[in-house]
Every structure is written in C-alpha cells, then in structure tokens.
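K.L.:
Pasting a structure below so you can have a look.
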Amino acid sequence: MKKERALWNAKHFCMKGHSMKRTRFIMEGMEVRGWVCRQCHETVLHPEDAQRMFLFNKLKRGISIKVGSLGNALIVRFPKAVAKFYGIEKGIKIILRSKDTEKLELIPI
Ligand SMILES: [Zn+2]
C-alpha cells in the first residue's frame, strides 16, 4: 500500500521528458488513475488500475470457475483477484438473484 502511494505521488515524465500531471480517466465505465502530459498529451495508466481494468474486461466476457462440494452443499471458489475487486471476503453476505432461467447474479452486500 505504501509503495503504491509512493508511485502515485512520484513525479512522472513523458517520453519527451515533460512533467506529467496526475489525472483520472473514465475507461470502459471505470475510473482509472494515470498521468497526462500537458504538452504532448501522452498518457500513462497507473499499473494497478490498468490491471483492475484488464480484470474487469475479462470478467465482462465471463470467466469459468468450477463448482465443488463441501459436505452436502455445493461451493464455488472465487479467484482472489475477483474477490478483491468486488470486496468479497469470508463472512460477507451475497444476494443470489435470478436474471432469467439460465443466468444467476451474485451481488455482494
Ligand atoms: Zn510530453
């Protein structure tokens, strides 16, 4: 966390050596931190946010996860990055809601 803040607060320069300004972009419906050069308009995305956007795009297309079992119950395991993205952790509640007869939504609350 400390390292990430240091990156965000550090001075950034474009390929031409101009000083870049911190900014926030809206990309694919998501806020992404980054830097923009006021002179040549070069942009750089914050690596962590770029990673989040990559994951978000992947999730929009859908990822496959396997259903397991625990005793008599069926369980699904979330990849850690997905759980972190949506703030899903052990003990939280999730609403299961029918989208139609083939789709089911999971809504962390
Ligand atoms: Zn520049």
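The values are calculated or read from the model by the stated rules, or taken from the named source; none is laboratory data. Predicted model only: the values in this text are computed from it and were never measured. For neighbour counting, all protein chains shown are included, and Cβ atoms are generated from backbone atoms with ideal geometry for every residue, glycine included. The protein model used for the area step is the full one, side chains on, heavy atoms only, and it has no ligands, DNA or RNA in it. Shrake-Rupley method; radii C 1.70, N 1.55, O 1.52, S 1.80 Å.
K.L.:
Taking the Cβ-Cβ separation of SER98 and LYS58 as r and a Förster radius of 25 Å, what is the calculated FRET efficiency to the nearest 0.05?
P.N.:
On the way: r = 24 Å, r/R0 = 0.97.
Efficiency computed from Cβ-Cβ geometry: 0.55.
K.L.:
Here is a further query. Tell me the net charge near ALA10. Cut-off is 12 Å between Cβ atoms, ALA10 excluded, with +1 for each Lys or Arg and -1 for each Asp or Glu. Don't jump to the answer; show the numbers that get you there.
P.N.:
Numbers: positive: LYS3, ARG5, LYS11, ARG22; negative: GLU4.
Summing Lys/Arg as +1 and Asp/Glu as -1 gives +3.
K.L.:
Can you find, among GLY34, ALA6, GLY17, the residue farthest towards the positive end of the dipole of the stretch 2-62? Put +1 on the C-beta of Lys and Arg, -1 on that of Asp and Glu.
P.N.:
Final value for the positive-end residue is ALA6.
K.L.:
Using the Cα centre as the reference, give the magnitude of the dipole from point charges on the C-beta atoms of the chain (Lys, Arg: +1; Asp, Glu: -1; all else neutral), rounded to the nearest 20 debye.
P.N.:
Working: 23 positive and 10 negative charges, 73 e Å.
Its charge dipole is roughly 340 debye.
K.L.:
Would you tell me the accessible area of MET53, worked out with a 1.4 angstrom probe on the heavy atoms of the protein chains, in Å² to the nearest 10?
P.N.:
Its heavy atoms expose roughly 30 Å² to the probe.
K.L.:
Further question on the same structure: So, how do all the Cα-to-Cα distances of the stretch 2-62 break down into 5 Å bins, in percent, from 0 on up?
P.N.:
So the P(r) values, bin by bin, are 4, 19, 24, 21, 17, 9, 5, 1.
K.L.:
State the percentage of accessible surface on the chain attributable to carbon and sulfur atoms; use a 1.4 Å probe and exclude ligands, DNA and RNA. If you can, show how the numbers build up before the last one.
P.N.:
On the way: 5010 of 9050 Å².
C and S fraction of accessible area: 55 percent.
K.L.:
If you don't mind, there's one more thing I want to ask. May I have the extent of the alpha carbons of the chain along their three principal axes, as whole Å values ordered from largest to smallest?
P.N.:
Cα extents, longest axis first: 61, 31, 22 Å.
K.L.:
What does the accessible area per residue of the chain come to in Å², with a 1.4 Å probe and no ligands, DNA or RNA counted? Display every interim value, and only then the final one.
P.N.:
Numbers: 9050 Å² over 109 residues.
It amounts to 83 Å² per residue over the chain.
K.L.:
Quick one: if you stick a label point 7 Å off each Cα along the C-beta vector at ALA50 and ALA6, how many nm between them?
P.N.:
Output for this residue pair reads 2.0 nm.
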